[in-house]
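See structure below.
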Amino acid sequence: EAAVTQSPRSKVAVTGGKVTLSCHQTNNHDYMYWYRQDTGHGLRLIHYSYVADSTEKGDIPDGYKASRPSQENFSLILELASLSQTAVYFCASSDSGQDTQYFGPGTRLLVL
Amino acid sequence: GEKVEQHESTLSVREGDSAVINCTYTDTASSYFPWYKQEAGKSLHFVIDIRSNVDRKQSQRLIVLLDKKAKRFSLHITATQPEDSAIYFCAASTASSSFSKLVFGQGTSLSVVP
């Protein structure tokens with residue numbers, strides 16, 4: 001089965017601080033995604049990538065940057081964390097030509 | 001852009017009964033409709049999907065129906081068991097040969113009570 005891991009699993013950050021969330025997959029998948037989950041909103045796509053060294057904006061990219069240094073790794077960066085970015089963040093991967101996405105365990109971020 | 005509405009935010013059924021979760025979408029170009037399950041405190045995992053070239057798909061106790069005219073699709077869980085209790089998310093995408101950008105519904109929390 002596909003393996004997607006995330007670190008950290010939970011984090012408390014201060015408003016205005018920098019936060020980096022990391023994702024690693026061992027599936028040899030081309031596509032990787034970052035979503036945030038808020039109560040009542042389901043999952044919303046922040047950024048995605050289909051090849052190393054390239055990222056694309058999703059539906060809610062404002063306040064977030066992404067980095068894909070290799071096929072296996074995909075990071076989400078909050079340069080200036082804000083209270084509104086408190087959420088659970090999920091990373092996912094999928095294979096080119098395959099629609100099923102495989103999700104990581106999630107990172108619970110609390111911004112104070 | 002695509003919007004997916006999941007009509008039931010919570011649903012409670014008795015063990016052994018059927019559960020039905022309904023979703024609607026807005027983009028007529030959407031052609032791929034997966035369902036994901038999130039158990040308490042865990043991540044999401046894929047359970048079943050349907051593509052626009054069929055209107056019904058079954059996998060064991062799960063049935064997905066698609067009504068393209070109404071832009072509506074639904075998940076039917078038959079003979080529910082306690083382990084079916086979870087949050088279920090529907091999603092839609094205009095799947096291409098290489099990429100599936102999913103738009104998710106808000107989630108339905110299903111409780112199966114003994």
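Couple of notes before you dig in:
- The condition (being open to solvent by 60 Å² or more (accessible area, probe 1.4 Å) and over 13 Å from the mean Cα position of the chain (by Cα)) is satisfied by just one residue among B:57, B:101: B:101.
- Here the range A:38-55 is the region considered, the condition is being assigned to a strand (DSSP E or B) and more than 9 Å from every other protein chain (Cβ to nearest Cβ), and the residue that is modelled with the lowest pLDDT is A:38.
- Subset of the range A:17-37 that is in a loop (DSSP other than H, G, I, E, B) and under 15 Å from residue A:91 (Cβ atoms) - its residue that is modelled with the highest pLDDT: A:26
- Which numbered condition residue A:46 misses (of (1) farther than 21 Å from residue A:10 by Cα; (2) touching a strand residue (DSSP E or B) at 6+ places or on another chain (Cβ under 9 Å)): (1)
- Selection count where residues are touching a Ser or Thr at 6+ places or on another chain (Cβ under 9 Å) and open to solvent by 50 Å² or more (accessible area, probe 1.4 Å), scope the range A:73-95: 3
- Residue B:72 being farther than 30 Å from residue B:114 by Cβ, basic (Lys, Arg) and in contact (Cβ under 8 Å) with a residue 24 or more places away in the chain: yes
- Test for residue B:28: is it closer than 18 Å to residue B:94 by Cα, surrounded by fewer than 17 Cβ atoms within 10 Å (Cβ to Cβ) and either under 16 Å from the mean Cα position of the chain (by Cα) or without any contact (Cβ under 8 Å) to a residue 60 or more places away in the chain (or both): yes
- Options A:54, A:10: the member that is surrounded by fewer than 15 Cβ atoms within 10 Å (Cβ to Cβ), hydroxyl-bearing (Ser, Thr, Tyr), out of contact with any helix residue (DSSP H, G or I) (no Cβ under 6 Å at 6 or more places or on another chain) and within 24 Å of residue B:87 (Cβ to Cβ): A:10
- Complete set of residues in the range A:62-72 that are closer than 23 Å to residue A:15 by Cα and either open to solvent by less than 10 Å² (accessible area, probe 1.4 Å) or of a type in the set (A, V, I, L, M) (or both): A:66
- Residues of the range B:35-54 that are open to solvent by less than 20 Å² (accessible area, probe 1.4 Å) and either over 19 Å from residue B:6 (Cα atoms) or in contact with a Ser or Thr (Cβ under 7 Å, 6 or more places away or on another chain) (or both): B:48 alone.
The values are calculated or read from the model by the stated rules, or taken from the named source; none is laboratory data. No experiment lies behind these values; they were computed from the predicted model shown. With ideal geometry, Cβ positions are generated from the backbone for all residues, glycine too; neighbour counts draw on all protein chains shown. Accessible surface is based on the protein model in full, side chains and every heavy atom, while ligands, DNA and RNA are left aside. Shrake-Rupley method; radii C 1.70, N 1.55, O 1.52, S 1.80 Å.
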